[in-house]
Amino acid sequence: MTLEKLKQFRTGVYTILGKAKDALFDLMDAVLVTRSVYSFAELSVSPVFRRQWSSVYEAIQDGNPPRTELMKLYIKQLTPREQILLAGDHTAWARPDARTLRERTFEHLAHPMSGAKPVTIGQGYSTIAIIPETEGSWALPLLHERINSFENPIAKAAAQLKLVCENLPTRPISLWDAEYGCASFVKQTADIAADKLMRVRSNRLLYSAPPVYGGHGRPRIHGDKFKLNDSTTWWIPDQKLEVIDSKMGRMSIHLWCNLHFQQSSQHSMNLIQIQRLDELGQPKTKPLWLVWVGIEMSPLSELWRLYFRRFAIDHWYRFAKQRLHWTLPNLSTPEQCERWSDLLPLMTWELWSARDFVTDNPLPWQKPKPKLSPGRVAQAMGEVFAAIGTPAQAPKPRGKSPGWPEGQTRTRRIRYPTVKKSTTKPKKQTQQSA
């Protein structure tokens, strides 16, 4: 039944993929069965790619995957669950050598060398994905879009979250990194039907709710200051909890209710502090600060673990760049980059649909795993394609002639240039000239 479901999913994608869908399907299958390549054109030598090497680039140039329709198709693949968990973030596609590429922007990119500036020039992409499991590296992208030069990551993420929540069956919980833990993101997502759990930086300044109006002067907007890096400004938390986790050890969780940013005083939040403790109960590491913005907050014993599931989207970025060859092609226009990027969520959902019935096929230096990661599922996709086939049509040769039989060569007629005869008569030689 699962194998038939995957086949139906691929057929549904094929019907809505649009122009150049046959070549795009062959390209995606070639990516899934090819572990490593040196150039993008090398995908054409894959046994599942049945076209010429130039069709690799022509498929991206001519195709136009419908992004919104594909997102709705992804949502239909979800099984009924109690709570949908989303994670949002953005990453960089470095293109420092593409000087003719339009709309390049400066992006943050961490370098392995210490002391190097974490800045590159290229394109930024914003992603919002479903986190389907409590543990592991699976993240299922719903939208993976380029941030153009007129947008910023916060505004792009807010627009993506709004579009996704309008098509989800239930109200989700969304997880965000410290870049989105600010007043601008809170105000731009205030009217979206989604709860938000965001990390905030330790140098943030929050305020409590204002006191009751005394009847004299202008009513106060802010209450007492709450500096995250100054413990003297903290007051008694509304709730305390201490747990012992099997992986992280002894944990201390504190909760303060009804705080807000200075620029978003009308939007109340709950502040959560998570800190690891040693055997004596002393702080072992720096605290992790989270804020909750939503209707009904989950119990504190469950909420503190919820944020750590956000890191699955970081694993997906690494998987897309290394295994799905996202940043490999040197495409010449932003439109081609967007079309190629729209195929990455589609390939990830194919791997997710095939995870239950593939057998682990580890490399000689890999250990067997009972629970397969996206990379392990991709190593076994060749057997899956051999079983279910492809909805893409076989290529047709160009021209009206059916082609020459195998083993025969076509002789070419060579035309030599003709020499024009002179029309002028030669002069008669006189006896004296002779």
Task: Amide proton proximity set for residue 190, modelled H, under 5 Å, gap of 5+ - done: none
TODO: Please quote Rg/Rh for segment 267-392 to two decimal places, taking the Kirkwood radius as Rh and restricting both calculations to Cα atoms.
DONE: 1.11
Task: Candidates 220, 104, 250, ranked by Gaussian network fluctuation over the chain, Cα under 10 Å, top entry - done: 220
TODO: Pull out the extension gain between residue 243 and residue 218, defined as 0.36 nm times the separation in residues minus the alpha carbon to alpha carbon distance; nm, one decimal.
DONE: 4.5 nm
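Rounded to the nearest 20 Debye, what is the dipole magnitude of the chain about its Cα centre when Lys and Arg each give +1 and Asp and Glu each give -1 at the C-beta? Walk me through the intermediate numbers first.
Details: 60 positive and 40 negative charges, 579 e Å.
The calculation lands at about 2780 debye.
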TODO: Take each of the peptides 362-375, 39-52, 122-135, average the number of other beta-carbon atoms within 10 Å over its residues, and list them starting from the highest.
DONE: 122-135, 39-52, 362-375
Task: Among 198, 71, 248, residue whose mean-square fluctuation peaks in a GNM of the chain (springs only between Cα atoms under 10 Å) - done: 248
Open item on the list: Starting from 0.36 nm per residue, how many nanometres of slack lie between residue 171 and residue 277 once their C-alpha separation is accounted for?
Closed with: 34.7 nm
Task: [x] 9; [y] 21; [z] 29, with the label sought being that of the calculated percent of Cα pairs over 43 Å apart - done: [z]
- [ ] First compute the accessible area of the chain with a 1.4 Å probe, then give the percent of it belonging to carbon and sulfur atoms.
- [x] 51 percent
Open item on the list: What Kirkwood Rh does segment 345-395 have if only Cα atoms enter the pairwise 1/r average? Answer in Å.
Closed with: 11.9 Å
Open item on the list: Along the Cα→Cβ direction, 7 angstrom out, place labels at residue 387 and residue 202. What is the inter-label distance in nm?
Closed with: 5.0 nm
Task: Additional length obtainable on full extension of the chain from residue 116 to residue 152, 0.36 nm per residue less Cα span - done: 10.5 nm
- [ ] Kindly point out which whole DSSP H helices in the chain project their C-alpha atoms 24 angstrom or further along the helix axis while averaging a Kyte-Doolittle hydropathy of 1.6 or above.
- [x] none
Task: Relative packing of peptides 328-336, 57-65 - highest average C-beta neighbours within 10 Å first - done: 57-65, 328-336
Task: Dipole axis of the chain (+1 Lys, Arg; -1 Asp, Glu on Cβ), positive-most option in 333, 377, 92 - done: 333
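Heavy atoms only, 1.4 Å probe, whole protein assembly: order 236, 388 by accessible area, highest first.
Descending accessible area places them as 236, 388.
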Task: Centre separation in Å (Cα based) which lies between segment 199-271 and segment 1-72 - done: 49 Å
Task: Within a Gaussian network of the chain (alpha carbon springs, distance under 10 Å), most fluctuating of 235, 316, 349 - done: 235
TODO: Would you mind working out the magnitude of the charge dipole of segment 73-227 relative to its Cα centre, with +1 at each Lys and Arg C-beta and -1 at each Asp and Glu C-beta, to the nearest 20 Debye?
DONE: 580 debye
Task: Solvent-accessible area per residue, Å², over the chain with all protein chains present [probe radius 1.4 Å] - done: 58 Å²
TODO: May I ask you to list the trypsin sites (Lys or Arg not before Pro) in segment 143-209 that are in a DSSP loop and have at most 13 other Cβ atoms within 10 Å of their Cβ?
DONE: 201
Task: 11 Å beta-carbon shell around residue 265, net charge (K/R +1, D/E -1) - done: +2
Task: Subset of 117/240; 227/284; 72/117 violating a 32 Å alpha-carbon distance limit - done: 117/240; 72/117
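The values are calculated or read from the model by the stated rules, or taken from the named source; none is laboratory data. Just so it is clear, the model here is predicted, and its values are computed rather than measured. Virtual Cβ from ideal backbone geometry, glycine too; neighbours counted across all protein chains shown. Quick note on the areas: whole protein, heavy atoms, side chains included, nothing else; ligands and nucleic acids left out. Shrake-Rupley method; radii C 1.70, N 1.55, O 1.52, S 1.80 Å.
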